[in-house]
Amino acid sequence: MPILKIARMGHPVLLGRAAEVTDPTAPEMRRLIADMIETMVDADGAGLAAPQVHVPLRMFVFRVGAERSTGVAGDAPSGVSVVINPELDLLTDERVPCWEGCLSIPGLRALVPRSPRIRYRGLDAEGAPFTRDAAGFHANVVQHEYDHLNGVLYPMRVTDFASFGFNEEIARAVAARQERADATA
């Protein structure tokens, strides 16, 4: 299984609405799913949408690692999930800022307002329909990957660009704020 080339911000494949998958159990889909999982793991990503690997189809893969799970209901650590032709419902009007990065925008991150609770539907890797409720990191990663299927990159959702920057600079700023807070506590 080859590691796929990841499209970077600016490539047109990331800016369009992806097409529905017509046969989720076709051999080429099984190969694509396996290659996307291998690519996501190799890049140490939390998720990867088909448009990110130059395939404009409505599907993504993701995982909720123990280090990223918040432990709230709907956000348990899990292995890799495959979501084909998803639909997404936000279960609250509330938006909570969460740190996001993206394999298509390497080296950068920002605080992105996301719904803390969602419900999503789709087909799994076998073509079977499912519905899941998600919260915490699980909800964030699904919303992020779902955005890719609609030509939306996370910087398009940033509301405070003071939180948008290079990983190293953000980490230094967060550490400095924490040191100041610890000194005054």
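Key figures
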quantity: Rounded to the nearest 20 debye, dipole of the chain from Cβ charges on Lys, Arg, Asp, Glu; calculated: 240 debye
quantity: Peptides 81-87, 49-55 ordered by average Cβ neighbours within 10 Å, highest first; calculated: 49-55, 81-87
quantity: Rel. contact order, % - alpha carbon contacts under 8 angstrom, at least six apart, the chain; calculated: 23 percent
quantity: Estimated Rh, region 40-116: Kirkwood, alpha-carbon pairs, angstrom; calculated: 14.0 Å
quantity: Mean Kyte hydropathy of -0.5 or more with a Cα span along the axis of at least 18 Å, helices from DSSP in the chain; calculated: 27-42
quantity: Which label in (1) 127; (2) 118; (3) 319 gives the computed volume of the Cα convex hull per residue in Å³; calculated: (1)
quantity: Percent antiparallel among DSSP beta bridges (both partners in the chain, rounded to 5); calculated: 95 percent
quantity: Highest-first arrangement of 34-44, 132-142, 58-68, where packing means the average Cβ count within 10 Å; calculated: 132-142, 58-68, 34-44
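Taken together, the values in this text are just the output of simple stated rules run on the coordinates, not laboratory data. This one's a predicted model, so the numbers in the text were calculated from it and none came from an experiment. Ideal geometry is used to build each Cβ from the backbone, glycine not excepted, and the neighbour counts take in all protein chains shown.
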